[in-house]
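The values are calculated or read from the model by the stated rules, or taken from the named source; none is laboratory data. It should be emphasised that the depicted structure is a prediction, and the values quoted were computed from it without experimental measurement. Cβ atoms come from the backbone with ideal geometry, glycine included; neighbour counts cover every protein chain shown.
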Amino acid sequence: MRTLIVFVVALLGSGGLRAQTPPAPLDWNAQRAEILDRYRALVRIDSTPGRETLVVNYLKQVLEAEGIPTQTLALDPARANLVARLKGNGAKRPLLILAHTDVVPVQREKWPVDPFAAEMKDGYIWGRGTKDDKPVLAANLMTMLLLKRRGVPLDRDVIFLAESAEEADTTGVGINFVVDRHFDAIDAEFAITEGGDATIDGSRVTRVSIGTAEKRPTRARLVATGTAGHGSVPRLDNPLLHLAAALDKLGRWQTPMRLNDTTRMYFDRLASLSSPERAAIYRTLLDPKATPAALDRAQTFLREQEPASYAMLRTSIVPTILKAGVGANVIPSEAEATLDIRALPGEDIERFYAQMTEIIGDPAVKVVPIPPSRPPSPASRIDTEMYRVLEQVAQRMYPGAAVMPGMSTGASDQAQLRAKGIQSYGIGPASTEADALNYPAHGDVERLAESSLYPFVQYVWTVVNEIAARR
Ligand SMILES: [Zn+2]
């Protein structure tokens, strides 16, 4: 008996047996102090654009101290990106967990606290980046450290990427540089990153949104031309009149409604959470037998009451800048408007511009496309192993919550990943509706409930384990 015990202990000690024995479940209470510490350390680094390497230095030191090698990829030395990889046995293609390191600038006079002190007050951690994107960065970092410490055997590599310049990449130093020049370092079957969220009502998470798609900014200028002349002589070809008429026509045009798998499931789940009146509106959108009149009523309601839902149904056109004229007594020869056009995944944008030209119906007004900053990106699929894991773990952690895919009307670095064939999904920590409204990402003041941080890290860890650990 005694020899047997010695034998088993020796085996355990050698590490040979440990690889086959599932490690004891993680004690999440015991992880809290470190999670909070690392998250606050990240928030305390002022990583407004141009300062991202400060975050890379921190991450590199933490990862390497635990024996995880890192690779720094930098086009601009002040705005470096960092990659780290835990090797799997290659049975499955890698998983990429990424987060951006930059935060948007602050107006200090708007803050009740120092925006880079990660102060804790009233149950919240306050500071720039507390929502966007340092919770994801901290969760990804903790996941790497815990996978390594626990020696979790992996069926696929887990790749950690901390990328710069997500908020404004005018010089291409962030995701564009990594994808164009170092794609081998991040190539993966699946990716998870910012782009989802969750809603808490009371103490219960009621809704979890997994980002599966986004629209593509495909802006254009509308240029009207005419004959310049004296302001005292009215002219029919005054370009301001032609531009105004064109904008009015585009403003009235209800661009074609088109649903995809994500928005279909989204409105279906939303209906199940909504009042009977709202549910009827969402179900009309989904009903292939809805009459044109009913469909029109539903869309008019959304256009007036829920512009964000309305925007999910179509490629949208929003005029944002007007330019014309040099003096009160001068008719200019040119007038132009900038249009913020957001295209649905799969939109044939050349055809859409041609439709716009037809709606405008005025040869004096031309649609001039502005070169797009992001590639076209197909929606990620909702029938993949990754989506199922994201959904199932959310349902287990938050029983009774509605888990739904979401399409962002904005744009993110997932576009570059999806364009390269990586099925990419957005996640995020939970907030109350009031908090999401009053202390949002990019808002004057940003904060995250401390009670949302720990479950979010646990969610990321559990998801990564279920998709990547050896089965
Ligand atoms: Zn962000």
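Looking only at the stretch 50-60, decide whether some residue is touching a helix residue (DSSP H, G or I) at 6+ places or on another chain (Cβ under 9 Å) and away from the ligand (no atom under 16 Å from the Cβ). Yes, because at least one residue in the stretch 50-60 is touching a helix residue (DSSP H, G or I) at 6+ places or on another chain (Cβ under 9 Å) and away from the ligand (no atom under 16 Å from the Cβ).
For the stretch 354-375, a residue qualifies if it is within 28 Å of the chain's Cα centre (by Cα) and surrounded by fewer than 16 Cβ atoms within 10 Å (Cβ to Cβ), and the qualifying residues are Pro369, Ile370, Pro371, Ser373, Pro375. Considering (1) outside any strand (DSSP E or B); (2) more than 16 Å from the ligand (Cβ to nearest atom); (3) of a type in the set (A, V, I, L, M, F, W, C), the lone condition that Leu222 does not fulfil carries the number (1). Here Ala188 meets each of (1) modelled with pLDDT of 95 or more; (2) within 16 Å of the ligand (Cβ to nearest atom); (3) assigned to a loop (DSSP other than H, G, I, E, B) with one exception, condition (2).
Note on the stretch 395-438: residues that are modelled with pLDDT of 95 or more, within 16 Å of the ligand (Cβ to nearest atom) and either farther than 20 Å from Lys131 by Cβ or aliphatic (A, V, I, L, M) (or both) total 4. Taking residues in the stretch 121-134 that are at positive phi, and partners anywhere that are hydroxyl-bearing (Ser, Thr, Tyr) and within 14 Å of the ligand (Cβ to nearest atom), the pairs with Cβ atoms closer than 8 Å and at least 6 places apart or on different chains are Gly129/Ser47.
Picking from Phe183, Phe116, which residue would you name as being of a type in the set (Phe, Trp, Tyr) and either in contact with a strand residue (DSSP E or B) (Cβ under 7 Å, 6 or more places away or on another chain) or surrounded by fewer than 18 Cβ atoms within 10 Å (Cβ to Cβ) (or both)?
On the way: Phe116 fails: either in contact with a strand residue (DSSP E or B) (Cβ under 7 Å, 6 or more places away or on another chain) or surrounded by fewer than 18 Cβ atoms within 10 Å (Cβ to Cβ) (or both).
Exactly one of Phe183, Phe116 is of a type in the set (Phe, Trp, Tyr) and either in contact with a strand residue (DSSP E or B) (Cβ under 7 Å, 6 or more places away or on another chain) or surrounded by fewer than 18 Cβ atoms within 10 Å (Cβ to Cβ) (or both), namely Phe183.
Would you pick out the residues in the stretch 285-305 that are of a type outside the set (Lys, Arg), out of contact with any strand residue (DSSP E or B) (no Cβ under 9 Å at 6 or more places or on another chain) and under 23 Å from Gly346 (Cβ atoms)?
Those that are of a type outside the set (Lys, Arg), out of contact with any strand residue (DSSP E or B) (no Cβ under 9 Å at 6 or more places or on another chain) and under 23 Å from Gly346 (Cβ atoms): Leu286, Asp287, Pro288, Ala290, Ala298, Leu302.
The residues listed here are Glu189, Glu214, Glu167; of these, the one that is of a type in the set (D, E, K, R) and either on the phi > 0 side of the Ramachandran plot or surrounded by 22 or more Cβ atoms within 10 Å (Cβ to Cβ) (or both) is Glu214.
Is there a residue in the stretch 270-279 that is within 22 Å of Glu214 (Cα to Cα) and touching a Lys or Arg at 6+ places or on another chain (Cβ under 9 Å)? Spell out the reasoning first.
To start, the set of residues in the stretch 270-279 that are within 22 Å of Glu214 (Cα to Cα) comprises 270-271.
Filter again for touching a Lys or Arg at 6+ places or on another chain (Cβ under 9 Å), leaving 270-271.
Scanning the stretch 270-279 turns up at least one residue that is within 22 Å of Glu214 (Cα to Cα) and touching a Lys or Arg at 6+ places or on another chain (Cβ under 9 Å).
Of the strands (runs of 3 or more DSSP E) lying entirely inside the stretch 74-182, the ones with 1 or more residues being away from the ligand (no atom under 16 Å from the Cβ), more than 30 Å from Ile467 (Cα to Cα) and at pLDDT 95 or above are found at 119-121, 124-126. Take the residues in the stretch 439-471 that are closer than 29 Å to Pro105 by Cα and charged (D, E, K, R), then tell me which one is farthest from the ligand (Cβ to nearest atom). Restricting to residues being closer than 29 Å to Pro105 by Cα and charged (D, E, K, R), the top hit is Glu450. The set of residues in the stretch 314-323 being closer than 21 Å to Ile359 by Cβ and out of contact with any Phe, Trp or Tyr (no Cβ under 7 Å at 6 or more places or on another chain) consists of Arg314, Ser316, Ile317, Val318, Pro319, Thr320, Ile321, Leu322.
When the residues of the stretch 295-333 are filtered to those that are assigned to a helix (DSSP H, G or I) and among the polar types (S, T, N, Q), the one that is surrounded by the most Cβ atoms within 10 Å (Cβ to Cβ) is Ser309. Only a single criterion out of (1) in contact with a strand residue (DSSP E or B) (Cβ under 6 Å, 6 or more places away or on another chain); (2) surrounded by fewer than 22 Cβ atoms within 10 Å (Cβ to Cβ) is not satisfied by Leu417, namely (2).
Which residue is surrounded by the fewest Cβ atoms within 10 Å (Cβ to Cβ), if the candidates are limited to the stretch 376-388 and must be in contact with a strand residue (DSSP E or B) (Cβ under 9 Å, 6 or more places away or on another chain) and within 29 Å of Trp28 (Cβ to Cβ)?
It comes out as Glu385.
Scan Asp197, Asp201 and give me the residue that is buried (at least 20 other Cβ atoms within 10 Å of the Cβ), in contact (Cβ under 8 Å) with a residue 60 or more places away in the chain and over 30 Å from Val326 (Cβ atoms).
On the way: Asp201 fails: buried (at least 20 other Cβ atoms within 10 Å of the Cβ).
From the options Asp197, Asp201, the qualifying one is Asp197.
Collect the residues in the stretch 56-73 that are assigned to a strand (DSSP E or B) and crowded, with 17+ Cβ neighbours inside 10 Å, keeping them in residue-number order.
Result: Thr70, Leu73.
Summed over the stretch 345-375, residues that are in a strand (DSSP E or B) and out of contact with any helix residue (DSSP H, G or I) (no Cβ under 7 Å at 6 or more places or on another chain) total 2. Pairs are defined by a Cβ separation below 9 Å, a sequence spacing of at least 6 or placement on different chains, a first member in the stretch 141-170 that is more than 18 Å from Leu63 (Cα to Cα) and of a type in the set (A, V, I, L, M), and a second member that is more than 16 Å from the ligand (Cβ to nearest atom) and modelled with pLDDT under 95; the pairs so defined are Ala165/Thr171; Ala165/Gly172.
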